[in-house]
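K.L.:
Next up is a structure, given as structure tokens.
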């Protein structure tokens with residue numbers, strides 16, 4: 001069932017939100033499944049994977065909010081949010097988890113927080129334990145009203161890809177039914193991977 005819904009998710013039209021769109025008016029449809037889609041293409045010139053990751057906006061807002069509940073990441077909050085009192089009790093977290101970080105208007109002052117989240121959750125590592133650095137470049141809302149596109153690069157110049165593994169744990173900390181689909185292209189070869197709770201790491205097989 002999740003795979004069928006995910007395929008529908010892939011084929012939804014892309015684009016920017018217009019002023020008259022539901023995104024601009026603040027309306028978001030409710031979704032009853034949790035799926036992300038990533039297109040991961042290897043660039044032989046830069047020796048890096050260029051990644052476009054598609055997530056539901058409200059899910060990603062909650063993930064970023066939960067990240068700043070950790071004291072060590074509080075410094076990544078932009079100045080406009082620095083005075084927010086972050087709740088510590090479990091019931092308060094549930095109540096406010098979707099109220100601190102909002103992505104209705106894309107703001108670059110949130111980029112360091114997004115960078116840290118993705119670096120924790122989207123990981124390429126070789127057999128020697130060397131982790132490929134991740135560089136976040138930007139994000140935009142789709143015309144689908146509830147979708148966010150994230151763009152980043154995984155620099156593999158110092159990583160031996162022959163026996164490398166990669167993990168996509170994006171949003172798995174939030175939803176037991178979260179599924180993360182990755183369509184990987186490397187030197188003309190294409191592979192697809194399905195990450196989910198309990199199965200969040202694969203060998204790249206390159």
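K.L.:
Describe numerically, in nm with one decimal, the distance between label points set 7 Å from Cα along Cα→Cβ at residue 58 and at residue 183.
P.N.:
Taking the two extended label points, one gets 2.6 nm.
K.L.:
Once fully extended, how much extra length lies between residue 32 and residue 202, figured as 0.36 nm per residue of separation less the alpha-carbon to alpha-carbon distance? Each step should come with its number before you reach the end.
P.N.:
Details: separation 170, 0.36 × 170 = 61.20 nm, distance 2.68 nm.
Here the answer is 58.5 nm.
Coordinate-derived values only; no laboratory data. Predicted, not measured: the structure shown is a model, and the values here were computed from it. Note that each Cβ is placed from the backbone with ideal geometry, even for glycine, and that neighbours are counted across all protein chains shown.
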